[in-house]
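Engineer: Pasting in a structure now, in structure tokens, and then I'll have a few things to ask.
Nothing in this text is a laboratory measurement; each read-out follows from the coordinates by a stated rule. As the structure is a computational prediction, the values presented were derived from the model and not from experiment. All Cβ positions, even for glycine, are placed from backbone atoms using ideal geometry, and neighbour counts span all protein chains on display.
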Amino acid sequence: MKKTTTRTSLFGAAVALAAVMFAASPAKGQYESFFGQESWEYATAFHPITKSTADYDPHLLSCLTDIYHYTSSDTVTIDGLVYYNSSVDGYWSHPVKLREDTLLGHLYSLIEGREYLMCDMSLEVGDTFRLPIMRYFDYNIPEDTMLLLVDSVTFVSSKKVIHLSAISPGFSYWWHFMEYGSYNITLRFMEGVGPMYGLFPPHELGDVLLCLTKDDSLYYMTHPDLGCWQDYVSVSDYPEQSITIFPNPAKDQISVLLETDEDIAGSIVIRDMAGRVCRTFTVSGKNTSLNVSFLSQGMYFLTYTDGKRTVTRKFMKE
């Protein structure tokens, strides 16, 4: 009898210890794939417009956008590895095959028969990553790299974000990430999204991920002012739309007031501070009530768009 009681006590103590350890560990959630279930699409900006050119516009990132379409049914096996094929709209004429190692959180690009590691979600603070670089308009791609250092690791909505800085910035494209920090453009890897520089080795002039759509829903946008397409048209070409959000800070509900004489037919997207889409709403009136009880505490972006203009406001969720 005593033996049974001792075993029961030991079992109870073990369960209690496990509960304490679990409660003390950070909630990081289950790993999320870079890809969608059925389809996914990347929009990247290429050939940046700098302040030194006549085409410069502070609301534009570049003059060229590439759209990469992927479906889960379109695959090819090469050397025993399964890649997803892409179809491409835009400037880039070379489709990019992708594969993911979900165990390590690696994203690989296959270009011209050569594989590149483009994202590594297993990195921690102090680790380094060699970013492959391709020479501008040289698609034979002689090997070159830029050494990056992991400055910090954060978690947004339980998803890992790895923040990087350059140890050896030796290419002209690097200015792209330095110049546009205000647009949420920094070198980082994001779980469920991938690298901020897109799907393939960066050119000397640089590429930036604008948007990621999964299964026909917008999943991530780098910055609402940039949108998902860059083509010499800036948001400043359209009249400013006045938006009021109240209460702010909010608890369970917010009201969005659109001050305009025009008919309202658009959408509202709420994103977290990392740019991830939390929810999308259809708008058909000047005063719209939105349920935000599903949001965690923190700061969020609310973006209204009607195809002609895009306006973003911040609000706090208590």
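Engineer: 7 Å from Cα along Cα→Cβ at both Met316 and Val156: what's the point-to-point distance in nm?
Structural biologist: Placing both labels 7 Å along Cα→Cβ, they lie 2.0 nm apart.
Engineer: Scan around Glu32 for amide H atoms under 5 Å from its own, H built in the peptide plane at 1.01 Å from N, and keep only partners 5 or more places away or cross-chain.
Structural biologist: It is Gly192, by chain and number.
Engineer: Can you list residues from other chains, or at least 5 along the same chain, whose modelled amide H is less than 5 Å from the amide H of Val208?
Structural biologist: Those qualifying (amide H under 5 Å, at least 5 residues apart or on another chain) are Ala45.
Engineer: Using Cβ counts within 10 Å as a stand-in for footprinting exposure, how do Thr312, Thr145 rank, fewest first?
Structural biologist: Fewest-to-most ranking of Thr312, Thr145: Thr145, Thr312.
Engineer: Ok, one more. Which ordering of Asp306, Asp74 is given by a fewest-first count of other beta-carbon atoms within 10 Å?
Structural biologist: Lowest count first: Asp74, Asp306.
Engineer: Sticking with this one: Tell me, in nm to one decimal, what length is gained between Ala265 and Ser39 on full extension, where the rule is 0.36 nm per residue of separation less the Cα-Cα distance?
Structural biologist: The span from Ala265 to Ser39 would gain 78.7 nm if fully extended.
Engineer: Given 0.36 nm per residue, what is the gain on full extension from His94 to Leu147 after removing their alpha carbon distance, in nm?
Structural biologist: 16.5 nm
Engineer: Give, in nm to one decimal, the length gained when the segment between Ala166 and Thr282 is fully stretched (0.36 nm per residue of separation minus the Cα-Cα distance).
Structural biologist: Length gained between Ala166 and Thr282: 37.7 nm.
Engineer: What distance in nm separates the two pseudo spin-label positions at Ser242 and Gln30, each 7 Å out from Cα along the beta-carbon direction?
Structural biologist: 4.8
Engineer: Right, something else. When Asp120, Asp151, Asp66 are ordered from fewest to most other Cβ atoms inside 10 Å of their Cβ, what list results?
Structural biologist: The most exposed by this proxy come first: Asp151, Asp120, Asp66.
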